[in-house]
1. Can you say whether V322 is out of contact with any Phe, Trp or Tyr (no Cβ under 7 Å at 6 or more places or on another chain), touching a residue at least 24 places away in the same chain (Cβ under 8 Å), among the β-branched types (V, I, T) and over 24 Å from S98 (Cα atoms), as far as the supplied structure shows?
2. With the requirement that a residue be assigned to a strand (DSSP E or B) and either among the aromatic types (F, W, Y) or modelled with pLDDT of 90 or more (or both), what does segment 79-88 give you?
3. From S199, S173, S194, grab the single residue that is of a type in the set (S, T, Y) and in contact with a Ser or Thr (Cβ under 6 Å, 6 or more places away or on another chain).
4. For segment 217-253, give me each residue that is part of a loop (DSSP other than H, G, I, E, B) and buried (at least 16 other Cβ atoms within 10 Å of the Cβ).
5. Which of the residues belonging to segment 265-301 are open to solvent by 50 Å² or more (accessible area, probe 1.4 Å), within 14 Å of P318 (Cα to Cα) and in contact (Cβ under 8 Å) with a residue 40 or more places away in the chain?
6. For segment 162-216, how many residues are part of a loop (DSSP other than H, G, I, E, B), open to solvent by 40 Å² or more (accessible area, probe 1.4 Å), in contact with a Gly (Cβ under 7 Å, 6 or more places away or on another chain) and more than 25 Å from F146 (Cβ to Cβ)?
7. Kindly indicate which of G256, G304, G262 is within 17 Å of the chain's Cα centre (by Cα) and either open to solvent by less than 10 Å² (accessible area, probe 1.4 Å) or among the basic types (K, R) (or both).
8. Can you pull out the residues in segment 153-170 that are more than 24 Å from the chain's Cα centre (by Cα) and among the small types (G, A, S)?
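The values are calculated or read from the model by the stated rules, or taken from the named source; none is laboratory data. Keep in mind that this is a model prediction, so the values were computed, not measured. We place every Cβ from the backbone using ideal geometry, glycine too, and count neighbours over all the protein chains shown. Accessible surface is based on the protein model in full, side chains and every heavy atom, while ligands, DNA and RNA are left aside. Shrake-Rupley method; radii C 1.70, N 1.55, O 1.52, S 1.80 Å.
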Amino acid sequence: MGAQKSIHAGKAKIDVNVDFTHKLCASLMLPSLRNTGSPLSLIIGSLCIKHPNLFGGSEKLDVSWDKGLSDSNVSITYRRPRPEWLCQKCFVIQHSFSPEIGVHGTPIDNFSRSGSGDVNLSRLSVGLDRNEPASSDWSSSTSIKFEHVQLVNDDGRSITRDIDGFPVTCSGSPHDSMLVLKQESQCAKANDHSFSRFSMQIEQGIPILSKWLIFNKFKFTATKGVKLGPAFLLASLTGGSIVGDMAPYQAFAIGGLGSVRGYGEGAVGSGRSCLVGNSELTFPLSKMLEGAFFLDCGTDLGSGRLVPGNPAMRQGKPGSGVGLGYGLRFKSPAGHFQVDYAINSFQQKTVYFGISNLI
């Protein structure tokens, strides 16, 4: 269902990956976001060009392009060589395009799926990344980037309001601009029987100009894994909050794969704050096959009404929800295949498919 190819052109390396499989799996569980009729809409793939010695001084240039079903991401990264004990710096230009389903999507089928809300996010960012040398347990990175965010409808036209007439940006214009200082830190420990990981992310909007957004956004994730005989128990807790200026697309979306299974993307709610808990018990069925039982829960902590325009209330989202179910994990040298069967608080059943590293 997919193909990978690496090409060497002089000192540069080009990696090409084209995959049709995700489209087939997604068609079983997701409504069509667009009916373009184009053959390219059937393709999910990536293109990566790497040059290890751009100007003869070991400068590295990476250019990557990733295409999804209805989203895309282009990134250009330039790095200069530095000793390993010093912080690593890189200059990054990135453009992404994705449907804003988590906040503006409409829940359907008892919140088990989310349909298009005719709102899409086009984000251009330019800035610097700084990665600190990793210690025994801790690693951290700092970045400062200028971001230009534009909202467009499914036809590609700029919009200032959603289908209910509420603003989709903080400024009220078709776009928002901001200068964002971001700090990320992570601590990880592991032994033969367990592992633990804690990550924290803080974003600060700096108002160089009066129309630029000023805000503070905080997010954390704590994860713990423990061996229980042949089985493995994994539990995680994710939370966050944002204060200051805020556009609806900055809200925390709760629900979906990677959040609360049994719900569509963002179908539980979207708020200024969130708290999501996940637990999963996996056990071997054969050398390459594992079974799993899981329980997910999430809440917006009553903050959905604080999002501008209150999109969660207008769409009838409950604000909190629980999902539970079971699944299979198939691992092979060609890739990993995952199937989850989940049921939500409204007793609506959902099947999730996932494929990674497929050749």
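1. yes
2. Result: R79, single match.
3. The unique qualifying residue is S199.
4. Correct list: D245, M246, A247, A251.
5. The answer is E265, and nothing else.
6. 2
7. Being within 17 Å of the chain's Cα centre (by Cα) and either open to solvent by less than 10 Å² (accessible area, probe 1.4 Å) or among the basic types (K, R) (or both) holds for just one of G256, G304, G262, which is G256.
8. G165
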